Amino acid sequence: MRFDPEYVSQVLTDNFEDAKTLFLSPLMAIHYAHLVMLVERGIVSPADGRRLREALDSISVESIKCAVYDGTCEDLFFYVERLVTGACGAEIGGRLHTARSRNDIDMTMYRMRQRECIAALTDAVFELRTSLLALAARHHDTVFAAHTHTQPAQPTTIAHYLLAVIEQLERDVVRLRAAYASTNRCPLGACAITGSGFPIDRDLTSSLLGFDAPTGNTYGSIATVDYLLESVSATAVLAAGLGRVLQDLLTWCTAEFGYLRLADGFVQTSSIMPQKRNPVALEHARGIASKALGQASAVMLAVHNTPFGDIVDVEDDLQPLVAAMFRDARRAVALTAAALRDAQFDVSRLEVRAAEGGTTLTELADHLVRDHGIAFGAAHAIAARMLAESRQGAFGSAGSPSGLASILERVSAEIIGRPLRYSDQELATVLSARHFVEVRRTAGGPAPEETRRALGQSQQQLEADRRWLSTTRLSVAAAEERLRERSRAL
């Protein structure tokens, strides 16, 4: 068959190059695994199996990688098939394709590559969690003003903020692990879509390729893309969450905030403005994460409203986009991890601003409720009036200024009918950012004793997640070794 030059230039050439990059290694593994199974089940004779194995052994993967598409075959599968038949003849070479189809081969290749992508992205998340845990460990006592609706809200600590990010990343790994489990099922043996009349052993090929088990229904093995969309969704959630954190970090790097300073290796200057120290690593991370999120959306859109069956929309043209999404998500995560490894917070500046603007008034209201048994609504009103009537700058890092106690006494008498008396020093303690943080010992709260407990728990979770990934990779590697041994024994 000779393909139209336009079809070759616009589709087949690109698909051939993409397949060489993404799927050559999985394709060769599938050939070996299928051959072992055919011989084991008596579908192909041992003598023919040995000739086929020798033919596969003779193929130079590096030569294929350098091959230029010439339009004489449809795709990489047929290119490799031609090499096999060239090495052992059409009579024997043609036996390798017994009881299979390009459909189940493709779906198996996609899953093999996708599980590698999920594992690589998960590994990058581990590195980011490691960086954040180390950073949080240095800042259990570093208070700063948390924002809600972009406005100063309440004091917390850097450790408390970072632990919130770490927990989000922990949930990202839960989603990625679930996606890996859904992906790591083997479609080989589903053939075109209805399976085979030959006595194949799907469990054997699944095991030799490092899968947890075969897929179930043969129609669904070819038709479904939910396993793909699950990993795409998990990656999209990760990218969106990371982007929100990066936005905060970039804001903290501004001269107006001055909270965060990246190491010199992650900033650039201006070609015209000597004073500039631009936190470009975090900008790149944000942009790349947004790119990954866009690619995830494109994957969803590409498969939306396509037939539930074998269809090209989810195959050659889509798979490079899937790979690019994973790659960019991993880049964004890895870059953020590296940039934060040696980042420095301005502890003094953070603390100076932590209690500005009345951020500790919630604790004053709580204190009035605890001390005097009044309703929180009344305590809230007293604190709000006190702030409104105090002079500008009343709530600085040094606590309550002289005269604030008298305002509280007068305002409380007007609102609840009795004066609440405190000394200026007592109010200074109640209104300090550090006191605000220290009394908030709620599980998951910012008190240093609680963040230290949470950090220890997150460290243990990271170690457990690392063990899972190590075990998973070792399982795939062991399967690869079994496949080599079984194929050599033919």
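The values are calculated or read from the model by the stated rules, or taken from the named source; none is laboratory data. Everything numeric here is computed off the predicted structure, so don't read it as measured data. All Cβ positions, even for glycine, are placed from backbone atoms using ideal geometry, and neighbour counts span all protein chains on display. With ligands, DNA and RNA removed, areas are computed over all heavy atoms of the protein, side chains included. Shrake-Rupley method; radii C 1.70, N 1.55, O 1.52, S 1.80 Å.
Extension gain for S233 to D14 (0.36 nm times residue separation, less C-alpha to C-alpha distance): 76.2 nm.
For the pair T150 and V312, label points projected 7 Å from Cα toward Cβ lie 4.7 nm apart. Taking other residues whose beta carbon is less than 13 angstrom from the beta carbon of T362, and scoring Lys, Arg as +1 and Asp, Glu as -1, yields 0. Other residues within the sphere of radius under 13 Å centred on the Cβ of R82, judged by their own Cβ, net out at -4 (K and R +1, D and E -1).
Between the helical axis of 376-389 and the longest alpha-carbon principal axis of the chain there is an angle of about 70 degrees. Over region 171-244, with a single point scatterer placed on each C-alpha, what log10 of the ratio I(q)/I(0) does the Debye formula yield at q = 0.26 1/Å? For region 171-244 at q = 0.26 Å⁻¹, log10 I(q)/I(0) is -1.12. A straight chain from R82 to A119 at 0.36 nm per residue would run longer than the Cα-Cα distance by 10.0 nm. List the aspartates and glutamates whose Cα lies under 15 Å from the Cα of K20, skipping any in the same chain that are fewer than 8 positions away. List returned: E62, D70, E74, D75, E81, D106, E315, D316, D317. Over all directions, the projected convex hull of the C-alpha atoms in region 240-329 averages 8.0 nm² in area.
Per residue, the convex hull spanned by the alpha carbons of region 23-136 comes to 143 Å³.
Against the main long axis of the alpha-carbon atoms of the chain, helix 102-137 sits at an angle near 30°.
Charged neighbours of Q319, selected by a Cβ distance under 10 Å, balance to -4 (K, R count +1; D, E count -1). Note on region 109-220: Rg/Rh from C-alpha atoms, Kirkwood Rh, equals 1.28. Give me the distance between the Cα centres of region 417-490 and region 288-312, rounded to whole Å. With region 417-490 and region 288-312 each reduced to a Cα centre, they are spaced 34 Å.
Solvent-accessible area of Y79, all protein chains in place: 50 Å² (probe radius 1.4 Å, heavy atoms, ligands and nucleic acids excluded). Heavy atoms of the protein chains alone define the surface here; on that basis region 50-183 has 39 Å² accessible area per residue at 1.4 Å probe size. According to the calculation over all Cα-Cα pairs in the chain, the P(r) per 10 Å bin from zero is 4, 16, 20, 18, 14, 11, 8, 5, 3, 1, 0 %.
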